[in-house]
Amino acid sequence: MHYELAIIVPTKNEAGNVRQLLGLLDAALGGIRWEVIFVDDDSADGTASIVREMSAERDNVLCLRRIGRQGLSSAVIEGMMATGADFIAVMDADLQHDEKLLPSMFRTLQDKDIDVVVASRFMDGSECNNFSRFRERLSNAGIFLSRLVTRSRLTDPLSGFFILRRSVAEEVAPRLNGQGFKILLDIFASASRPLRHRELPFTFRQRQSGESKLGALVSLEFVLLLADKLCGRLVPFRFLTFLLVGFSGLVVHLALLGLFYKILQQPFYTAQAASTFIAMTSNFFLNNRLTYHDRRLRGRKLLMGLLVFYIVCGFGAWGNFQLAQFLYDRKIMWWLAGLIGAAVSSVWNYGVNNSFTWSREK
C-alpha cells in the first residue's frame, strides 16, 4: 500500500507510551492512509520489542532499531529516508504533542503552496503551561539564537512537532547536520532557499511516562549545531567540535596541574605528566561522545581507540614542542611560535584520529 502520510517517532526508553500513542493516532487519523515508523535507539526498557509486537499485528507500524547510533535528529533522518510517503510528520513518543492536530497540519500542507507546517508552542492560541520559568527563558534564548542561521521567521524553530513534503526532506537531507535534538532548526538552516511555512498553535501536554531528554548535553549539541551552520561551509563541523573539546582539555589540564603542583606539592614533571594524561583521557571520551557520535566506539574498540588516541596525541604534542621551539629560535615572537605549534598539532591530531581512531571502518 502507498501511504499518504508517514509519522516518524524517535524513541529512547518509551515503553510506557508507544501503545497509547498508536491508539491516539488511530483515533485522530481516520480517512488518511498513514504509517508510523518508530526509530528506536536500542532502548533498555524493551521499547523496540513492544513496537515489533504491534507491527506483527498490523501493516502500518514499522520498527527501525538502531544499534551503536544515538540521537533524535539522526533517528528522524533515517526514518524520513525509510518511507515512500509523500508527506512526513515528526512527533515525540512522550505524548506531549497533540496528535489531534495532525489532520489539520496534513490538510494545510496539501492545500497550500508551502513546504513545512510547524506546530508552535509559542504563537497566539498555544498553551505551554507546564514550562518552568527557567525552561521558558531557555527556549526564548534558543529561539533568538536560531534566527542567526535561518532565513525564515518562526515563532518556534525548536519545535519537535511538524510535517513536511517528502521532496523537501530529500532536498535538505545531504546537508543536514544530524546531531542533537533540534531537527526542525537543522532542516530550515540546511535549506538552500527560504522554506515556505505555516505555523499552527497547539497545547503542549505533560509527559505521561519516562524521563525528559533535556539537559546540559542537549544544550551543548544545540550550540554545536549553530556553529556548524554558521561556519561549517568554511571549516568542517567535526573539526570545530574537535577544537572545542581540545579547549576543554586545556582547562582540565591547567586545573589539575595547579592541584597537583601547588596544592598537593608534587614535583612539576609528575604533576605535568598526570594532568596531561587525565586531560587526554577526558578529550578522548568527549570526542567519542560529541565529535564522533556517529562512529562511537564501545567495548574492546573503545579501549583500543583510547590507546591509539594516546599515541597520536603524544606525537602531536612532541611535534608542537619541536615546531614552536624551532620558530622561537629564529626570533619568532614566543606567543606566535606557540600558537603555530598548537595549530599544526591540532590539525595533526584531528586528521590522524579521524583516519585511524574513529575511522569509518570501525
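The values are calculated or read from the model by the stated rules, or taken from the named source; none is laboratory data. Bear in mind the structure is a predicted one, so any value in this text is a computation, not a measurement. For neighbour counting, all protein chains shown are included, and Cβ atoms are generated from backbone atoms with ideal geometry for every residue, glycine included. The protein model used for the area step is the full one, side chains on, heavy atoms only, and it has no ligands, DNA or RNA in it. Shrake-Rupley method; radii C 1.70, N 1.55, O 1.52, S 1.80 Å.
Return yes or no: is Ile32 surrounded by fewer than 21 Cβ atoms within 10 Å (Cβ to Cβ) and within 18 Å of Val117 (Cβ to Cβ)? Answer is yes for this residue. With the requirement that a residue be aliphatic (A, V, I, L, M) and closer than 30 Å to Leu297 by Cβ, what does segment 67-95 give you? Answer for segment 67-95, where residues must be aliphatic (A, V, I, L, M) and closer than 30 Å to Leu297 by Cβ: Ile67, Leu72, Ala75, Val76, Ile77, Met80, Met81, Ala82, Val90, Ala93.
Screening Leu306 against (1) over 33 Å from the mean Cα position of the chain (by Cα); (2) surrounded by 13 or more Cβ atoms within 10 Å (Cβ to Cβ); (3) aliphatic (A, V, I, L, M) leaves a single unmet condition, (1). When residues in segment 110-122 are screened for being more than 11 Å from Ala89 (Cα to Cα) and not basic (Lys, Arg), 7 of them pass.
Given the condition within 24 Å of Asn17 (Cβ to Cβ), open to solvent by 20 Å² or more (accessible area, probe 1.4 Å), at pLDDT 80 or above and not in a strand (DSSP E or B), answer yes or no: does some residue in segment 124-140 qualify? For segment 124-140, residues within 24 Å of Asn17 (Cβ to Cβ), open to solvent by 20 Å² or more (accessible area, probe 1.4 Å), at pLDDT 80 or above and not in a strand (DSSP E or B): absent. A single entry from Ala189, Ala216 fulfils the requirement of being aliphatic (A, V, I, L, M), surrounded by fewer than 18 Cβ atoms within 10 Å (Cβ to Cβ), under 22 Å from the mean Cα position of the chain (by Cα) and modelled with pLDDT under 85: Ala216. Hey, can you tell me all the residues within segment 51-68 that are farther than 22 Å from Leu5 by Cβ and open to solvent by less than 40 Å² (accessible area, probe 1.4 Å)? Result: Arg66, Gly68. Looking only at residues of segment 35-50 that are of a type outside the set (Asp, Glu) and more than 15 Å from Val9 (Cβ to Cβ), we find that the one that is surrounded by the fewest Cβ atoms within 10 Å (Cβ to Cβ) is Ala44. When restricted to residues that are crowded, with 16+ Cβ neighbours inside 10 Å and over 23 Å from the mean Cα position of the chain (by Cα), segment 69-102 contains 6.
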